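Trainee: Dropping a structure here in structure tokens format, bear with me for questions.
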């Protein structure tokens, strides 16, 4: 069964993917596979090796652990499915799936699932959902959508080296801002903090639309804040959604992870009061929609 772990980015989806990959029934694409896209490695031993290692710890993690841990596999997908998968200018939906793309998608994931002999093959994706595109190829597709407070996500984006909002919405990877959002950005004095918030808003609108057309029983929203506050409860909820048992082997790997709650409100002291106020003005409705005060 193919399962997507998705989110906007900087939302905690990496943590979810890495925890779930500890399950003995899980398969995934590793960082090493993705670094060697020409060889199209299928990762036969990804799970056993990864589950033997301790979890990665922040940016100080060892390079070997980065390579064997689960990854988004964008190099591989761009090479072996189609070149635009990693950075489309809008969401990829069912109508974008051509017959040749479907054959390539099925070959990519089915080969890995067979050779890794896994019950659930996990694929981590951030940015646009792409769930409609992959659901068209896999009607049984399960989706775990990790949701995080847009203020925290915007603050985190502003601190990452790869966020390309500094180039403006006419040159970043997400395509043009819809006119209403473009107006809000201009009204803010073209604030980069506001642009990061609007990026979250735009992507979350896409996730809301994707969820509406996806079978309800095959989509699960997981709030990052609830995960770090009650990890056992939320991880058990995800395993139940996937039809997996909490085994002693999984417990051993799960117990190695640490769930930190102290970053939840970091945006309040890492941004200025003016920036926080500007972000909250443009995110008022979507924050309330996603049950954030």
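The values are calculated or read from the model by the stated rules, or taken from the named source; none is laboratory data. Just so you know, these numbers come straight off a predicted model, no measurement behind them. Neighbour counts are summed over all protein chains in view; Cβ atoms, including those assigned to glycine, are modelled from backbone coordinates with ideal geometry.
Trainee: Considering every residue within segment 122-133, establish whether at least one is closer than 20 Å to residue 3 by Cα, touching a strand residue (DSSP E or B) at 6+ places or on another chain (Cβ under 8 Å) and assigned to a loop (DSSP other than H, G, I, E, B).
Mentor: Yes, segment 122-133 contains at least one residue that is closer than 20 Å to residue 3 by Cα, touching a strand residue (DSSP E or B) at 6+ places or on another chain (Cβ under 8 Å) and assigned to a loop (DSSP other than H, G, I, E, B).
Trainee: I need the full set of residues from segment 222-251 which are surrounded by fewer than 15 Cβ atoms within 10 Å (Cβ to Cβ) and under 21 Å from residue 265 (Cα atoms), in order please.
Mentor: 226, 229, 230 - these are the residues of segment 222-251 that are surrounded by fewer than 15 Cβ atoms within 10 Å (Cβ to Cβ) and under 21 Å from residue 265 (Cα atoms).
Trainee: Output the number of residues of segment 75-103 satisfying the condition of being touching a residue at least 24 places away in the same chain (Cβ under 8 Å) and closer than 21 Å to residue 200 by Cα.
Mentor: So the count comes out to 8.
Trainee: Inspect segment 193-210 for any residue being modelled with pLDDT of 95 or more and not in a helix (DSSP H, G or I) and give the result as yes or no.
Mentor: Here is the first cut: in segment 193-210, the ones modelled with pLDDT of 95 or more are 193-210.
Retained after the next criterion (residues that are not in a helix (DSSP H, G or I)): none.
Within segment 193-210, none of the residues are modelled with pLDDT of 95 or more and not in a helix (DSSP H, G or I).
Trainee: Let me ask something additional. Tally time: how many residues in segment 272-293 are outside any helix (DSSP H, G or I) and in contact with a helix residue (DSSP H, G or I) (Cβ under 6 Å, 6 or more places away or on another chain)?
Mentor: If we filter segment 272-293 for residues that are outside any helix (DSSP H, G or I), which is where we start, we get 272, 283, 290-293.
When the remaining residues are screened for being in contact with a helix residue (DSSP H, G or I) (Cβ under 6 Å, 6 or more places away or on another chain), the result is 283.
Here the count works out to 1.
Trainee: Separate question: Considering 197, 236, which residue is over 19 Å from residue 6 (Cβ atoms) and free of Cβ contacts under 8 Å to residues at least 24 places away in the same chain? Quick ask: steps written out before the conclusion?
Mentor: On the way: 197 fails: free of Cβ contacts under 8 Å to residues at least 24 places away in the same chain.
The conditions single out 236.
Trainee: Same structure again: Filter segment 11-40 down to the residues that are in contact with a strand residue (DSSP E or B) (Cβ under 8 Å, 6 or more places away or on another chain), assigned to a loop (DSSP other than H, G, I, E, B) and more than 15 Å from residue 117 (Cα to Cα) and list them by number.
Mentor: Across segment 11-40, the qualifying residues are 11, 12.
Trainee: Now a separate question. For residue 90, indicate whether it is at pLDDT 95 or above, at positive phi and within 19 Å of the chain's Cα centre (by Cα).
Mentor: Working: at pLDDT 95 or above: yes; at positive phi: no; within 19 Å of the chain's Cα centre (by Cα): yes.
Criteria not met by residue 90.
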